[in-house]
1. Condition test on Lys267, is it under 30 Å from Lys44 (Cβ atoms), of a type in the set (Lys, Arg) and out of contact with any Asp or Glu (no Cβ under 8 Å at 6 or more places or on another chain)?
2. Quick check on this structure: which one of Tyr221, Tyr239 is under 17 Å from Val52 (Cβ atoms), of a type in the set (Phe, Trp, Tyr) and in contact (Cβ under 8 Å) with a residue 40 or more places away in the chain?
3. Only one of Val52, Val78 is open to solvent by less than 50 Å² (accessible area, probe 1.4 Å) and over 19 Å from the mean Cα position of the chain (by Cα). Can you tell me which?
4. Among the numbered conditions (1) over 22 Å from Asp150 (Cβ atoms); (2) open to solvent by 80 Å² or more (accessible area, probe 1.4 Å); (3) more than 26 Å from the chain's Cα centre (by Cα), tell me where Leu98 comes up short.
5. Within the range 86-95, track down each residue that is over 13 Å from Asp151 (Cβ atoms) and open to solvent by 60 Å² or more (accessible area, probe 1.4 Å).
6. Among Leu111, Leu121, Leu144, which is out of contact with any Phe, Trp or Tyr (no Cβ under 8 Å at 6 or more places or on another chain) and crowded, with 20+ Cβ neighbours inside 10 Å?
7. Please state which one of Lys26, Lys42 is more than 30 Å from Gln116 (Cα to Cα), part of a helix (DSSP H, G or I) and out of contact with any Phe, Trp or Tyr (no Cβ under 8 Å at 6 or more places or on another chain).
Amino acid sequence: MTMSTDERNFRSIYYEKVGFKNVEEKKSLEILLKEKHLDLVKLKQFCLRFTVPHVYRSFLYKLLLGVIPAQVELHNFVTNQRQQEFNDLHHTLQVMRLIDEKTAKSQVFILMWLIQTNNLLFDLSLLYEKDEGVISFSAIVKCLMHFFDDDVDIYWIAKKFYENIAKMKNEVPKFVEITHAILEKEDPELYKALQSASVLDSLPLLQWFDCCFAGIIHDNYLIKIWDKVCRGSYKILAYLVAAILMTLKHRKVKISDPIAVTLAIKKLPEETSDVIVNKTVDMWLHHCSPLTGHDKPKGT
């Protein structure tokens, strides 16, 4: 018997509420993950089009970020190597007496990362006060800890995620220009007000792009943006900035006051983060191809 349209719509709404837009999306992902040699192109396209189901997010992130290879037969070997390197770094910190059983897990991951990247200094306080990379990596780690339980996975995903973000630092001026263009197109009146008060120039955009908005947007909703970023679609961060400012305008924040705008962004409530992320994804999908993440051809 054929399922009625109403029943299909009801189920679609239900699955969206629990994290899936519909069962077919989950099934299509499961089919892709059953291949002996995983198709990274198709998996990247899935991340662009849909929110990644939580049960598969850790595995997909490891694949897309290069923590594990596409060849399934190598997964056990590579995973064991990652585990061994993690254990060696952890043991090194213990021998150096930089950590003990009371050390916060996020702190341990940061110190491991500093050793592995040859950036560990004798005076650690200098790193936390002046090194923006440490601040950003710390924020990313704390966000990932909210979603993943396996310490080895958290460390390696955070490391690879930040490495990819760091490669884009030279592109940040271009992202800022894109943010200007989006705002000018989507809300000319708001853009004019922001420009006259030099608000965009006052925002710590470099810092926010560097941590991929960890600690700014609520973790539960930011992860939907990171699904796209893990695929390599960093441009969505420009749409995120635009969506934040457009949302604040409707929240009656004094847009002409750079300090008020910055404070409002740093204190975004969870429900506002939800609105912002949905608006970001909608704008991004409207302007960018869900298959490539690049701008759609004009006229489409």
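The values are calculated or read from the model by the stated rules, or taken from the named source; none is laboratory data. Nothing here was measured: the structure is a model prediction, and the numbers come from that model. Every residue, glycine as well, gets a Cβ built from its backbone with ideal geometry; the counts of neighbours run over all protein chains shown. The area values use the complete protein model at the heavy-atom level, side chains included, leaving out ligands, DNA and RNA. Shrake-Rupley method; radii C 1.70, N 1.55, O 1.52, S 1.80 Å.
1. No.
2. When all the criteria are applied, what remains is Tyr221.
3. Working: Val52 fails: over 19 Å from the mean Cα position of the chain (by Cα).
Exactly one residue qualifies, and that residue is Val78.
4. With respect to (1) over 22 Å from Asp150 (Cβ atoms); (2) open to solvent by 80 Å² or more (accessible area, probe 1.4 Å); (3) more than 26 Å from the chain's Cα centre (by Cα), Leu98 is out only on (2).
5. If the condition is that a residue be over 13 Å from Asp151 (Cβ atoms) and open to solvent by 60 Å² or more (accessible area, probe 1.4 Å), then Asp88, His91, Gln94, Val95 are the ones that fit.
6. Details: Leu121 fails: crowded, with 20+ Cβ neighbours inside 10 Å; Leu144 fails: out of contact with any Phe, Trp or Tyr (no Cβ under 8 Å at 6 or more places or on another chain).
Of the residues listed, the single one that is out of contact with any Phe, Trp or Tyr (no Cβ under 8 Å at 6 or more places or on another chain) and crowded, with 20+ Cβ neighbours inside 10 Å is Leu111.
7. Details: Lys26 fails: out of contact with any Phe, Trp or Tyr (no Cβ under 8 Å at 6 or more places or on another chain).
The conditions single out Lys42.
Okay, residues lined up against (1) among the hydroxyl-bearing types (Ser, Thr, Tyr); (2) touching a residue at least 24 places away in the same chain (Cβ under 8 Å); (3) surrounded by fewer than 22 Cβ atoms within 10 Å (Cβ to Cβ); (4) within 20 Å of Leu64 (Cα to Cα):
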| position | (1), (2), (3), (4) |
| --- | --- |
| Asp149 | no, no, yes, yes |
| Phe161 | no, yes, no, yes |
| Met168 | no, yes, yes, yes |
| Glu189 | no, no, yes, no |
| Ala193 | no, yes, yes, no |
